[in-house]
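One structure is given here, and the rest of the page talks about it.
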Amino acid sequence: MKEKIKTCLAVCILVITVPYVVTLVFQGGETSTGTGTIQEALKEPAKENSGPQKTSDEEENSDPQKTSDEKESPGLKKTDAKQDVEGYLTGILAKQIPLDYQREAVKAQAVIARTALTLALETEGQKLPESMSREEMLELWGQEGFEQNYQQLEEAAQATKGEILLYNGTPIQPAFHAVSAGKTRNAKEAFLREDEPYLAGTDSGMDIPSPDFLKVVFLEQEEFADKIKELCPEIPKDNVMDAVTVTQRDGADYAVQVTIGEKTVTGEEFRNCLNLNSSCFYLKEVENKIRIVTKGLGHGLGLSQYGANELAKEGKTYQEILQYYYKDVSIEKK
């Protein structure tokens, strides 16, 4: 019996450590230079209130170039939301967090969602975060699943009722993402967001065991060149890798600037063009194909949902989780 237990433990350790080891192996020989701060002024992307929209059955990657202004559900009106903030919050949570996550992680997401909703309600011209109606939830989960899942989300909303994240008395931009690349990003370093010091970046090594931490894809040279042409039409199809260089990374190792021929684009623009999991990517030519290794899922700013869930498993409260990922914020009822 003891031998069986030892064998099981050994298998578990291998499952956890293999992705990390593979990552280290794949990082050799990337076409990248430097890990310093931004040298030139980049076009600052629009501020973001949301991250990967996730339910138990689906997952999307959020784009830091987009805001919740571009992600409002049809029929969701500010006048109605003001009258029933907590009711809308449950629908927002249904879009944002996996339902098998720990209760404290879901509660942390409830505070994030309420902060984003509050900010949208107080900001002229800013639309509300994407939400699910009860009918959509019922269709997605079925009657039995709806009752169980809705109750779980409602409990998280009630347990944190009225609570939002503030920095110097003002609601923050509560950015979040599915899985970090081992560290969350510093907004000032990555995007020159001087007014968001609470997005300072932190260690999130607990993300490494996530099945979404590492992804490796291979593209044919011609396919890679065709995609890159969307960013730089004049690039030649032959030896395209010679014209592509990651020229700048931030402290969390996400690409900040990518040079394509004579043109420079942001890491997020490059990521979106190739539909990559994150802008923490590494390029290398292998056997006449382009190997792309990505770490993390999402833009890497703010709270990592996978990391938050791991902290919850360790016994951290939702308040501790939020204050770990957002620096110098307060959690107050509004």
Within the range 179-189, is there a residue that is surrounded by 17 or more Cβ atoms within 10 Å (Cβ to Cβ), without any contact (Cβ under 8 Å) to a residue 60 or more places away in the chain and more than 30 Å from Gly251 (Cα to Cα)?
no
Evaluation of Val286 against (1) under 23 Å from the mean Cα position of the chain (by Cα); (2) of a type in the set (A, V, I, L, M); (3) surrounded by fewer than 18 Cβ atoms within 10 Å (Cβ to Cβ) (one fails), failing number:
(1)
Answer with yes or no whether Ala120 is modelled with pLDDT of 95 or more and out of contact with any Gly (no Cβ under 8 Å at 6 or more places or on another chain).
no
Can you tell me which residues in the range 119-148 are surrounded by fewer than 22 Cβ atoms within 10 Å (Cβ to Cβ), under 27 Å from Ile172 (Cα atoms) and polar (S, T, N, Q)?
Thr123, Gln126, Ser133
Which of the residues spanning the range 259-314 are among the acidic types (Asp, Glu), more than 26 Å from Pro209 (Cβ to Cβ) and touching a strand residue (DSSP E or B) at 6+ places or on another chain (Cβ under 9 Å)?
Glu269, Glu285, Glu287
Could you tell me whether Pro233 is more than 23 Å from Val111 (Cβ to Cβ) and at pLDDT below 90?
yes
Among the residues of the range 160-175, is there at least one that is of a type outside the set (Phe, Trp, Tyr) and under 19 Å from Tyr254 (Cα atoms)?
yes
In the range 88-143, anything over 14 Å from Ala159 (Cβ atoms), in a helix (DSSP H, G or I) and among the charged types (D, E, K, R) is listed as Lys95, Glu122, Arg134, Glu135, Glu136, Glu139
If you check Lys188, Lys215, which single one turns out to be in a helix (DSSP H, G or I) and either under 22 Å from Leu297 (Cβ atoms) or touching an Asp or Glu at 6+ places or on another chain (Cβ under 8 Å) (or both)?
Lys188
I need the helices (runs of 4 or more DSSP H) fully contained in the range 263-334, keeping only those with at least 1 residues that are closer than 18 Å to Ile112 by Cβ and either among the aromatic types (Phe, Trp, Tyr) or touching a residue at least 12 places away in the same chain (Cβ under 8 Å) (or both).
305-313, 318-325
For Arg103, state whether it is surrounded by fewer than 24 Cβ atoms within 10 Å (Cβ to Cβ), modelled with pLDDT of 95 or more and either among the aliphatic types (A, V, I, L, M) or in contact with a helix residue (DSSP H, G or I) (Cβ under 8 Å, 6 or more places away or on another chain) (or both).
yes
Taking the range 289-334 as the region of interest, how many residues are of a type in the set (Lys, Arg), touching a Lys or Arg at 6+ places or on another chain (Cβ under 9 Å) and surrounded by 17 or more Cβ atoms within 10 Å (Cβ to Cβ)?
2
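The values are calculated or read from the model by the stated rules, or taken from the named source; none is laboratory data. A quick note: this is a predicted structure, and the numbers were derived from the prediction, not measured. With ideal geometry, Cβ positions are generated from the backbone for all residues, glycine too; neighbour counts draw on all protein chains shown.
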